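**Student:** For reference, the structure I am asking about is given below.
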Amino acid sequence: MAGVTDLGKLISVSPERYSAGFAAIKAAIGKNNMAKDYLFYATKVPDCLLCEPGAELRVLGIGSGSGEIDILFLKKLLHHHSSVYNRVVEPSGEMVDRYKALVHEDTSLGAVKFDWRQQTAEEYFQTKDDTKFHLLHAVNILYHVHPLHDTLRNMWEQLANGGCMLVVIMGSEGHSYSDKCDWMKLWYKLWEDFGQGDRLMTSLRTSDDVTQWFDTQGIGYVTDLCENIVDVTECFEEDSETGAMLLDFLAQTPYVSSKPEIRSVVLEYIRRNSLEVDDKILFKSATEVIIAFKKGTEDM
């Protein structure tokens, strides 16, 4: 099959369609299910982190979006730490404004000092200072940083000894639970059929790409899986705009509906690997939570 030059490049080729697809996928997963995902991620944040005596706990969020997940993390930390310095790195001004609005409404966050950085991860790491953080998290953002492994290295370097780094990214096929990650396997199928160049230069990245970096650095980690179901019924409605946006987001590729070959592969794969329940077509998805603690002995 011929290659697709914009495969896996939805956000860079068409940010507007990415935003529309993101909204469509959130609706297809459901607000309640997404809230459960966020709570699951928060359970993986350690109750108490090592911190210098008398110092405030320092947290760095990469690609924090509108802040719903960050706030859950902060609330958990405030149960055991009297004050928190929270540096937010987020390129979208709209997302930063939404985050600030949530903070303004929530009086329980009074002990948190916020430091807003409206930057991409790349811009931030080019201008970062020497601050070391006790918790550093990147939730569903590592699809879009470049280069991936340089970003992971930069993140690790900003982590204090004894600190925790938490990453959430699409689950991979390198583990025993790969049968729960059909969305991930769709990406590999698309890359096998249509991929061009280096997959890591696209958004089609999985937890394998992260854990392989940790492995090469001799960094230990633990993982857990967060399963979910996506209602993809609209994808099979010929004239559905919502279905077209879902297809774009599922393939991380713009205008899938106007690419007959790739559309056929996506729909065939989804149909073959979905459940039909009450006239709905449900597709399995799973994100992996990767947690690593810095012991201060790793050689970078």
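**Student:** Just to verify a result, which residue in the range 179-215, among those that are outside any helix (DSSP H, G or I) and of a type outside the set (G, A, S), is farthest from W156 (Cα to Cα)?
**Tutor:** Only one residue fits best here, namely Q196.
**Student:** Take the residues in the range 207-222 that are polar (S, T, N, Q) and surrounded by 18 or more Cβ atoms within 10 Å (Cβ to Cβ), then tell me which one is nearest to L190 (Cα to Cα).
**Tutor:** Top of the filtered list is S207.
**Student:** Would you check if T253 is in a helix (DSSP H, G or I), within 22 Å of the chain's Cα centre (by Cα), surrounded by 15 or more Cβ atoms within 10 Å (Cβ to Cβ) and polar (S, T, N, Q)? Reasoning before the result, please.
**Tutor:** Numbers: in a helix (DSSP H, G or I): no; within 22 Å of the chain's Cα centre (by Cα): yes; surrounded by 15 or more Cβ atoms within 10 Å (Cβ to Cβ): yes; polar (S, T, N, Q): yes.
When the stated conditions are applied, T253 does not pass them.
**Student:** Starting from residues that are acidic (D, E) and in contact with a Phe, Trp or Tyr (Cβ under 9 Å, 6 or more places away or on another chain), keep the ones in the range 223-250 and report whichever is most open to solvent (accessible area, probe 1.4 Å).
**Tutor:** Step by step, filter the range 223-250, then rank; the result is E227.
**Student:** Please indicate, with yes or no, whether at least one residue in the range 216-223 is over 30 Å from N32 (Cβ atoms) and part of a helix (DSSP H, G or I).
**Tutor:** yes
**Student:** Follow-up. Could you say whether any residue in the range 85-94 is touching a residue at least 40 places away in the same chain (Cβ under 8 Å), under 24 Å from N161 (Cβ atoms), among the aromatic types (F, W, Y) and surrounded by 15 or more Cβ atoms within 10 Å (Cβ to Cβ)?
**Tutor:** Taking the range 85-94 and keeping what is touching a residue at least 40 places away in the same chain (Cβ under 8 Å), we get 87.
Now drop any that are not under 24 Å from N161 (Cβ atoms), which leaves 87.
Still in the list and also among the aromatic types (F, W, Y): none.
No, the conditions are met nowhere in the range 85-94.
**Student:** Shifting gears a bit: For L204, state whether it is within 16 Å of the chain's Cα centre (by Cα), within 25 Å of A20 (Cβ to Cβ) and surrounded by 15 or more Cβ atoms within 10 Å (Cβ to Cβ).
**Tutor:** For L204, the condition - within 16 Å of the chain's Cα centre (by Cα), within 25 Å of A20 (Cβ to Cβ) and surrounded by 15 or more Cβ atoms within 10 Å (Cβ to Cβ) - is met.
**Student:** Please specify each residue of the range 258-300 satisfying the condition of being open to solvent by 60 Å² or more (accessible area, probe 1.4 Å), touching a helix residue (DSSP H, G or I) at 6+ places or on another chain (Cβ under 6 Å) and farther than 19 Å from R205 by Cα.
**Tutor:** K280
The values are calculated or read from the model by the stated rules, or taken from the named source; none is laboratory data. Owing to the predicted nature of the structure, the values given are computational and were not obtained by experimental measurement. Positions of Cβ are generated from backbone atoms using ideal geometry, with glycine treated the same way; all protein chains shown enter the neighbour counts. These accessible areas exclude ligands, DNA and RNA; they are computed on the full protein's heavy atoms, side chains included. Shrake-Rupley method; radii C 1.70, N 1.55, O 1.52, S 1.80 Å.
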